[in-house]
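What follows is one structure encoded as structure tokens, with my remarks underneath.
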Number of protein chains: 2
Amino acid sequence: MGIRDVAAAAGVSITTVSDALNGKGRLPDTTRVHVREVADRLGYRPSAAARTLRTGRSGLLGLTTTMRSTEPFALTEFAWFAELVRSATATALDLGYALVVLPASSPHDVWGNVALDGTIVVDPADDDPLVHELLRRGVPVVSGGHPGSTPVYGWVDNDHVAAVRSVLDHLADAGAERIGLLAAADGPGADKGVAGYRAWCADRGVPAITEEYEARTPGAGRAAAARLLDRGPDAVFGLHEGCAPELLDAARERALRVPDDLLLACCGEGADPSVTSLSLQPALAGAWAVELLVGVIEDAGAGPLLPAQRTVPTRLSVRDSSTRR
Amino acid sequence: MGIRDVAAAAGVSITTVSDALNGKGRLPDTTRVHVREVADRLGYRPSAAARTLRTGRSGLLGLTTTMRSTEPFALTEFAWFAELVRSATATALDLGYALVVLPASSPHDVWGNVALDGTIVVDPADDDPLVHELLRRGVPVVSGGHPGSTPVYGWVDNDHVAAVRSVLDHLADAGAERIGLLAAADGPGADKGVAGYRAWCADRGVPAITEEYEARTPGAGRAAAARLLDRGPDAVFGLHEGCAPELLDAARERALRVPDDLLLACCGEGADPSVTSLSLQPALAGAWAVELLVGVIEDAGAGPLLPAQRTVPTRLSVRDSSTRR
DNA sequence: CTGAAAGCGCTTACAG
DNA sequence: CTGAAAGCGCTTACAG
């Protein structure tokens, strides 16, 4: 079932079939309709591979993330990443593209086996070799997270420092005077988050109370939460998603009531509706990255582009856990 | 930078380049090495599109789910689905394939623009038209969840009824006599789950205490949790993931201590380490579905195949919330 | 052991 | 308004 069969059945040339089906050329509507009917009747589906080879466009976008650990997708940001991917997938489909998630590296050379119109690289390494390779091949790259010195066509990122300050300000407004920070040492944005916290503490002249842990180590988060509460904070900010249950558990074990004895706020998508949460809005990041990338792809050759940049707003959902009664 | 350039630079024919790079033909190692060196030096990357057109294999697997609501991916199973997709992606990559998530339907005909070697359909509708269309095009299909009367090459599924019974048995063993069930009416597997629960209650001669809610309606889960606890159960089983916080909140508001006054178990991946959870092991489902699919693709024409089937085991993680002190 | 040639199934100038 | 022909970049019989 190729275009030749349709042409034969419709009594026209393959050029006419192609034009009729793609809405191109100058054909009378009668021809167009006739060809479409015949194609439908035969159940003709154009070959995506042939179209891709001929046009040089596959309609496929890549999405990858530099995995710090060997884990597939970092544990500390699983929900964040999953939501980003979900949103990027949906946005790509809206724009007529499909999205394929690829590993930064893999045993098989999957990157070589897939024709990509563009790629989103989440949290690229500095001067990421993968990005350089893609650009050399003419594949546009947009990054999620600041690209550092890696040359990209655009990027999306949160203002991490401002985000941290907004949470700390909120806890302080709610009456906290000794705010502790729980952070995964190997988590994404941990550096910026901890730095922002320390700067805020310095500004206010209050002590920094931090505990860090290795997200990869089972039980490390739980232990760090316990250590942190033992240092007597009256509020705690959990910098990485999914730490709310561990902090709540640690509080319960110490008979600390939330929010009466301890205010609590966490990063994340707010799985627990009683815990104040700071969302990094991964859905926006994913959608915007795709929009930037598709813009680059479809405006190819529209002059020297400045790297496009969009700052993804964060959203603080204040819940019971940080509301003084 | 095509195969012709490499051939010219290496002083051989394109046949030899192709054979050398793909490890085919009978070439002396010296030729092979030489061609590879030249190709590397020129930074040659074979065109995936051309290879796909020529070989009829794209190395791409599709994954789709019938969305009951108009939501992208059902809310009641977001983490389940995300984990299934993550695992399917990783397994596909291990086997040399890439995976692309496609919607059951979309404004653009993305299905027609992507060449797929096979597709996984999660929770297909009965006699799913998409599956029929794919099979007509010669694209093998494996389903996640029982395919009903839809003809597929294989499927993976949990034994939902046995899974529900295992949780109820556990709660009964822990001393529960009035076990309530919280279920999303529009959730996946809700029918089987509720039926399994009622059958278990009938077997034991105990009353069925169920509350259902529409997952799409904000706050409905919270309200249903409250209604359920007001009916005085001494244990509760939450059939859909993510309901643990709502049940814990409802218990707290009623001054019911968990597990002292109320035993609690939930489906899901156990985000809260203090709550007993039944995992459906979506990672296994995703990995196995890909393995079945790749098996079908690579054994094409290996005789009349029975649909391959694998039952995905569930795993009950017993935590504090259902452990009587 | 190596190469010339056909052809995968389209789209797109171009000729009529 | 329509069609014959070229060609996208490979892989694969097949001939030498």
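Read-outs: derived from the displayed coordinates by stated rules, not from any lab. Keep in mind that this is a model prediction, so the values were computed, not measured. Glycine also receives a Cβ, built like all others from the backbone with ideal geometry; neighbour counts cover every protein chain displayed.
Taking 7 Å steps out from each Cα toward its Cβ at residue A:208 and residue A:54 produces label points 6.1 nm apart.
Per residue of chain B, the DSSP helices (runs of n ≥ 4 H) give a summed -39500 (n - 2.57) that works out to -12500 deg cm²/dmol at 222 nm. Debye-formula intensities of the range B:211-260, expressed as log10 I(q)/I(0) at q = 0.21, 0.22, 0.23, 0.28 Å⁻¹, are -0.68, -0.75, -0.82, -1.21 (one equal scatterer per alpha-carbon, no solvent). Note on chain B: with a GNM built from Cα contacts shorter than 10 Å, the maximum mean-square fluctuation among B:217, B:311, B:89 falls on B:217. With the simple spin-label model, which puts each label point 7 Å out from Cα in the Cβ direction, the residue A:299 to residue A:8 separation comes to 4.7 nm. Remark: the residue B:223-residue B:185 segment gains 12.3 nm on full extension, using 0.36 nm per residue and subtracting the alpha carbon distance. With label points set 7 Å from Cα along Cα→Cβ, the inter-copy distances at residue A:323 are 3.4 nm, sorted shortest first. Amide hydrogen proximity for residue B:264: with H placed 1.01 Å from N in the peptide plane, the residues at 5 or more positions away or on another chain lying under 5 Å are B:236, B:322.
Structural descriptor for chain B: relative contact order 18 percent, calculated from alpha carbon pairs under 8 angstrom and at least 6 residues apart.
In sequence order, the range B:87-94 has phi-based couplings of 5, 4, 4, 5, 5, 4, 4, 4 Hz under the Karplus curve 6.51 cos²θ - 1.76 cosθ + 1.60, θ = phi - 60°, and Gly or Pro positions carry x. Across the copies of the chain, residue B:206 has label points (7 Å from Cα along Cα→Cβ) spaced 4.8 nm apart, shortest distance listed first. Name the most mobile residue of B:110, B:296, B:152, meaning the one with the largest mean-square fluctuation, in a Gaussian network model of chain B with Cα contacts below 10 Å. Maximum fluctuation in the GNM of chain B, among the listed residues, is at B:110.
Note on chain B: Cα-Cα pairs beyond 35 Å make up 38% of the total pair count.
The P(r) of the protein assembly as shown has a tail past 38 Å containing 42 percent of all C-alpha pairs. Phi angles of the range A:204-220 translate, via the Karplus equation with coefficients 6.51, -1.76, 1.60 and θ = phi - 60°, into HN-Hα couplings of 8, x, 10, x, 8, 10, 10, 10, 10, 8, 8, 4, 5, 7, x, x, 5 Hz per residue; Gly and Pro are given as x. Most mobile of A:40, A:126, A:109 per a Gaussian network model of chain A (Cα springs, under 10 Å)? Top of the fluctuation ranking is A:40. Helix B:244-253: angle to the longest alpha-carbon principal axis of chain B, degrees 0 to 90, nearest 10? Once rounded, one gets 20 degrees.
Length gained on full extension, residue A:324 to residue A:36: 97.0 nm, using 0.36 nm per residue less the C-alpha separation.
The range B:193-246 and the range A:120-158 have their alpha-carbon centroids 47 Å apart. In the distance distribution for the range A:198-295, Cα-Cα pairs more than 22 Å apart total 39 percent. Each other copy holds its own label point for residue B:218; taking that point as 7 Å from Cα along Cα to Cβ, the gaps run 3.8 nm, nearest first. Listed values for the range B:15-32 are Karplus-derived 3J(HN,Hα) couplings in whole Hz (6.51 cos²θ - 1.76 cosθ + 1.60, θ = phi - 60°), namely 4, 5, 4, 4, 4, 4, 6, 9, x, 10, x, 10, 10, x, 4, 4, 4, 3, and x replaces Gly and Pro.
For the range B:3-46, the Kirkwood hydrodynamic radius from C-alpha pairs, put into Stokes-Einstein at 37 °C and a viscosity of 0.692 mPa s, yields a diffusion coefficient of 333 µm² per second.
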